[in-house]
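A quick write-up on the structure given underneath.
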Amino acid sequence: MTADKAAPASGSILVVGGGISGLTTALEAAEVGYEVLVVEKNPYLGGRVAQLNQYFPKLCPPTCGLEINFRRIKDNPKIKIITLAEVQKVEGEPGNYDVQIKISPRYVNDNCVACNECVKVCPVERKNDFNFGLDNSKTIYRPFEMSFPMKYVIDGSTCLGAECAKCVAACKYSAIDLGMEAKTIDLKVGAIVWATGWTPYDANKIDNLGFGKHANIITNMILERYASPNGPTKGKIVRPSDGKGIESIAFVQCAGSRDENHLPYCSYVCCMASLKHATYIREQYPDANIYIFYIDLRTPGLRYEKFYNKIKEDDKIFFIKGKVAEVSEDPATNNITVVAENAVTGEKIRQNVGMVVLATGMQPTNAISKLPAELNCNSDGFIINNFEKGGMFAAGCANKPADVVSSNQNATGMALKAIQTLVRR
């Protein structure tokens, strides 16, 4: 007597989101033989990792991990990528889903060789959303130096279209098509992995911490862009108000996290991010005083704990256990005074610094823009996986707050769950 051989019900998996979790899911499934389609709403892959200067555990630049994944994608014919694409509708059941996807026009076709001649002649600028609006790019642009796919994109909201068309005239490869239009495609897939990632919590909502009111108060993700070689200051961390260097800086932990008025949960990565940011400051400013205001410092795992212990050896990094109550600005110097009560000594602290970084938490993208599918979500917008039902799964930060390592591990597991859905026994 022999067992029946497992047979695929449908050999295709849809991965929604092209960040590190989505890429890992796609690669793990495709490299064992399954057809995978990745749809990404941005014109590039890489997600939040692409915006970082360095990431844990090895403090690598994003090029380190993303370049390898991009190469694996290019070498694997079972993976198809569609950028500028969003899922509009999902119907069906595990093993048999009907999905509708809207694809926005890129206005640049596959003839593009990224020669940059179009950018040189473009007369219009736009806010650079990759750098959180800290600088401008031309309306025809490449999001960042190693962006994948390696071709330019036109911002249709700022492009002058046919009345300008200087980029069309400058392109020797007939790569620019200003007549491109949005289109909708329908497809059938057997399983869906939602790797829709996270969005930095809007610090403008935290009234007492001064973001948007005082120039020298920024967020942790904005600091990543300042520190990045391809950021608005080419990697130099400076005060936004005057471009001066850093003599003193304060990090405010749990900015919006663990707060019933904002995000009631711990965002997992914020403490480690600020410890990492302290190394950024120290590399550029050996004598700067660094103050870290925290409720509880959470450094999960032996490797992260060792990193924290190493940071504590710096005699110019000061840890203050206390929740920041308010901030104020000296209009003459644009310096910031941070006010907190030291939970250990009971002392009220008023610390004057040149710049403040708010360690804002991560909010699932689903909490801001609800996904068009019947998904079980908690009150914070994180997708709760139903393994018994199967079919659709959440990977990485769509499921819970996580760092890159945890997201990759989780994504590998969700690739397996998607494959299990496709196989009927």
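Please treat every number below as a calculation from the coordinates, not as lab data. As the structure is a prediction and not an experimental result, all values here were calculated from the model. We place every Cβ from the backbone using ideal geometry, glycine too, and count neighbours over all the protein chains shown.
General observations
- Shape class of the stretch 202-360 from the alpha-carbon gyration tensor: rounded, with the ratio a/c of largest to smallest axis under 1.5.
- Cleavage-rule hits (GluC sites (Glu not before Pro)) in the stretch 194-272: DSSP loop, at most 16 neighbouring Cβ within 10 angstrom: E247, E260
- Of all DSSP bridge pairs formed entirely within the chain, close to 50 percent run antiparallel.
- Projected label distance in nm at L59 and N204, using a 7 Å step from Cα toward the beta-carbon: 3.4
- Candidate lysines - alpha carbon under 18 Å from K58, same-chain residues fewer than 8 apart omitted: K276, K306, K310
- Straight-line cross-link partners of K312 among the aspartates and glutamates, defined as a Cα under 18 Å from its Cα and at least 8 positions apart when in the same chain: E283, D287, D296.
- Structure note, pairs K41/K400; K78/K138; K138/K172; K78/K370; K80/K389: Cα-Cα distances above 23 angstrom occur for K78/K138; K78/K370; K80/K389.
- Taking the C-alpha atoms only, the angle from helix 404-422 to the longest principal axis of the chain is near 20 degrees.
- Degrees between helix 62-74 axis and first principal axis of the chain (Cα, 0 to 90, nearest 10): 0
- Sites A182 and A114 - FRET efficiency at Förster radius 22 Å, r taken between beta-carbons, to 0.05: 0.40
- Only the Cβ atoms of Lys and Arg (+1) and of Asp and Glu (-1) were treated as charged; on that basis the dipole of the stretch 117-170 about its Cα centre amounts to roughly 100 debye.
- Estimated FRET transfer efficiency (N352, V168; beta-carbon r; R0 51 Å; 0.05): 0.40
- Farthest toward positive dipole pole in the stretch 202-360 [+1 Lys/Arg, -1 Asp/Glu at C-beta], among N342, S274, N216: S274
- Computed from backbone phi, the HN-Hα couplings of the stretch 239-245 come to 6, x, 5, 9, x, 7, x Hz, rounded to whole numbers (Karplus: 6.51 cos²θ - 1.76 cosθ + 1.60, θ = phi - 60°; Gly and Pro given as x).
- Measuring r between the beta carbons of V405 and M150 and using R0 = 22 Å, the FRET efficiency lands at 0.20.
- No Cys partner within the rule (Cβ under 4.7 Å), the chain: C112, C115, C122, C159, C164, C171, C254, C266, C270, C271, C377, C397
- Cα point-scatterer Debye curve for the stretch 316-425, base-10 log of I(q)/I(0) at q = 0.15, 0.24 Å⁻¹: -0.79, -1.27
- Loop-located trypsin sites (Lys or Arg not before Pro) in the stretch 275-358 (DSSP state other than H, G, I, E, B) with a sparse environment of at most 14 neighbouring Cβ atoms within 10 Å are absent.
- Which labelled figure in [x] 73, 65, 34; [y] 81, 64, 32; [z] 61, 52, 37 is Cα extents along the principal axes in Å, once derived from the coordinates: [x]
- Residues V38, V124, V344, sorted so that the one with the fewest Cβ neighbours within 10 Å comes first: V344, V124, V38
- For the stretch 117-170, the percent of C-alpha pairs falling in each 10 Å distance bin, counted from 0 to the bin holding the largest distance, reads 25, 55, 19, 0.
- Relative to the longest principal axis of the Cα atoms of the chain, the long axis of helix 302-312 lies at roughly 30 degrees.
- Dipole magnitude for the chain: computed about the Cα centre from +1 point charges on Lys and Arg Cβ and -1 point charges on Asp and Glu Cβ, it is near 700 debye.
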